[in-house]
Amino acid sequence: MKNLKTFLVISIVALTLASCGSSAPTAKDDLKQLKSYDTYAFLANKDTILNRKLDNKAINSTIVATINANMKEEGFSLDKLQPDVLVYVHPMFDEKVAVNANPVYTNYPYYKPGFFIGSYYEDYLYENYFTIQRISGSRVKQVSYRERSIVIDLIDRRTNEILWRGTSEETIETKRMDREIREYVDEIFKDL
């Protein structure tokens, strides 16, 4: 009987101590998980640049091309069928509105395939993009940003969780916009 009491006390203490540790994943865990992934594809965003003085297609083409170069440099390869990571871009060139934190709803009503997507995504688009409508991330905070800035989300395709959100404090200048965008995106990826 004494051994049973001792066993119960030890079991209760062990369970109590085990429950005291933090079991919630951290941003460090997400980056570690992100480093274990190999493939990516884009989750298209609608054309958000409405200013007629700016060339929406040129800006988004530069953003997509620069992200592709950085993803390849980070060791990712393109897989449009079953990517590990989805890349979702928020180009902020017109309106000063905050980026939603949790959950994030994609800007396209992805209810059916074939919905118009900008041509700059065509070669890099996740083929089942229409299945993704809501994205969440428990540690992703709302991003305050300046006009002419970019926010990039890297999302776990299986869980729709945002693993990493990157942006820069700088503002993209309009004089040499193509070069400014490339430098801006490269700066964001330095934090990855």
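The values are calculated or read from the model by the stated rules, or taken from the named source; none is laboratory data. Because the structure is predicted, anything quoted here is derived from the model rather than measured. Note: ideal-geometry Cβ built from the backbone for every residue, glycine included; neighbour counts use all protein chains shown.
Quick look at the values:
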{"item": "Counted residues, the range 49-63 - those being aliphatic (A, V, I, L, M) and not in a loop (DSSP other than H, G, I, E, B)", "result": "3"}
{"item": "Cross-chain or 6+ apart pairs with Cβ under 9 Å, the range 57-78 first and without any contact (Cβ under 8 Å) to a residue 40 or more places away in the chain, then loosely packed, with under 14 Cβ neighbours inside 10 Å", "result": "MET71/SER77; GLY75/LYS35; GLY75/ASP38; PHE76/ASP38; SER77/ASP38"}
{"item": "Residues located in the range 151-172, provided they are of a type in the set (A, V, I, L, M, F, W, C), modelled with pLDDT of 90 or more and in contact with a Leu (Cβ under 7 Å, 6 or more places away or on another chain)", "result": "LEU154, ILE155"}
{"item": "Residue tally, condition part of a helix (DSSP H, G or I) and within 16 Å of the chain's Cα centre (by Cα), over the range 73-95", "result": "0"}
{"item": "Subset tally (residues that are within 16 Å of ASP79 (Cα to Cα) and modelled with pLDDT of 85 or more) for the range 35-65", "result": "10"}
{"item": "Test: residue in the range 168-184 that is aromatic (Phe, Trp, Tyr) and under 15 Å from ALA69 (Cα atoms)", "result": "yes"}
{"item": "Residue satisfying all of: in the range 173-192; over 20 Å from LYS72 (Cβ atoms) and surrounded by 15 or more Cβ atoms within 10 Å (Cβ to Cβ); modelled with the highest pLDDT among these", "result": "GLU180"}
{"item": "Residue in the range 129-150 that is part of a strand (DSSP E or B), at pLDDT 80 or above and either more than 17 Å from LEU34 (Cβ to Cβ) or not small (Gly, Ala, Ser) (or both) present", "result": "yes"}
